[in-house]
Amino acid sequence: MDIEENWGRIKTHRARLKDHDIQGLAEVLFLDREDWLAEKLRLRDDTALAIELLGCLGHAGSVKAAEILLEQLETREEVLQVATAEALKRCPPVIVLTSLTKMMSEQNQGAVKAGEILLSFGQEGIQELWRLWFGEHKPARLRYQILQLLTEAGDERAERLAFLAFLSEDDELAGIALKAAEELDARSLWGNVTECLKSSDWRIRGRAARVLGLWGEKKALAFLSAMGSDEDPWVEEEKQKALALLSESEI
């Protein structure tokens, strides 16, 4: 039976096969035939199955399969990107870590998914994200992405990165730092949050006021009062809510 017939049989019976069966079939029938699967991807011949089989081969340690998946991760088709990312999460980190880090560093088409895959590798991937933050000449959007990922993971280092983000002059970084501070309940950063009340971005001013109110940080009363009347109605509303909450907490 040739490879096309094997492909056809797996395609026909996939719904009845268990995942470990697919893993075994991939290793027996398609190991060293990764380029054949890559051609299936190029021709868009049942791409979901091709990606799944490549993921199985990657899981078995096939560097070639991982390389094909990494190339596919840069596709502009979101559905294929998602499927490829899931396949890459099955690969041993050692064969994809460097490429994923490079993809994030260059902030190309697959950068967002590359970050999600790194995060799925646990501490090994998180360590790479931490190292990337402190690399030279890194764009702000990379640091924005890393802080989001570490906050999502609940990693304790996210609070330290949020502190550094607050010190930057980038509104986008300040915004994600605010989000991180709120989600991590990082009340030690209250002083940095008060600085956001002076931001030219109404979204940042409003969120900062809301966070200070939710935290019940009494020392923030003076800073909120010093804002005066805000030109943006939503910011003014959040400020008044925060002032009310903090005033009540003093009683």
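The values are calculated or read from the model by the stated rules, or taken from the named source; none is laboratory data. The structure displayed is predicted, hence computed values, not measured ones. Cβ placement follows ideal geometry from the backbone for every residue including glycine, while neighbour counts extend to all protein chains displayed.
Where helices (runs of 4 or more DSSP H) fall entirely within region 15-79, those with at least 2 residues that are more than 22 Å from L100 (Cα to Cα) and not assigned by TED's automatic domain parsing to the domain that holds T98 are at 19-29, 34-42. Going through region 85-110 one residue at a time, which ones are part of a loop (DSSP other than H, G, I, E, B), under 13 Å from the mean Cα position of the chain (by Cα) and polar (S, T, N, Q)? Across region 85-110, the qualifying residue is only Q107. When L161, L150, L73 are checked against the criterion of being in contact (Cβ under 8 Å) with a residue 12 or more places away in the chain and over 28 Å from A208 (Cα atoms), a single residue qualifies: L73. Answer yes if at least one residue in region 25-46 is surrounded by fewer than 17 Cβ atoms within 10 Å (Cβ to Cβ), over 22 Å from V94 (Cα atoms), touching a Leu at 6+ places or on another chain (Cβ under 8 Å) and not hydrophobic (A, V, I, L, M, F, W, C), and no otherwise. Scanning region 25-46 turns up no residue that is surrounded by fewer than 17 Cβ atoms within 10 Å (Cβ to Cβ), over 22 Å from V94 (Cα atoms), touching a Leu at 6+ places or on another chain (Cβ under 8 Å) and not hydrophobic (A, V, I, L, M, F, W, C). If you go through region 129-143 and keep only what is assigned to a helix (DSSP H, G or I) and either crowded, with 22+ Cβ neighbours inside 10 Å or at pLDDT below 90 (or both), you end up with L129, A140, R141, R143.
Residues of region 28-45 that are within 16 Å of K11 (Cα to Cα) and of a type in the set (K, R): K40, R44. For region 1-24, the candidate set comprises residues that are aliphatic (A, V, I, L, M) and more than 16 Å from R90 (Cα to Cα); within that set, the residue that is surrounded by the most Cβ atoms within 10 Å (Cβ to Cβ) is I10.
Residues checked against (1) of a type in the set (S, T, N, Q); (2) in contact with an Asp or Glu (Cβ under 8 Å, 6 or more places away or on another chain); (3) farther than 18 Å from Q240 by Cα:
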| residue | (1), (2), (3) |
| --- | --- |
| A181 | no, yes, yes |
| T194 | yes, no, no |
| K198 | no, no, no |
| R203 | no, no, no |
| G206 | no, yes, no |
| L212 | no, no, no |
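Just checking, which of L69, L73, L88 is within 22 Å of Q148 (Cβ to Cβ), at pLDDT 95 or above and buried (at least 17 other Cβ atoms within 10 Å of the Cβ)? Matching residue, one of L69, L73, L88: L88. Test V82 against the criterion of being closer than 13 Å to I117 by Cβ, modelled with pLDDT under 95, assigned to a helix (DSSP H, G or I) and not hydroxyl-bearing (S, T, Y), and give yes or no. Yes, satisfied.
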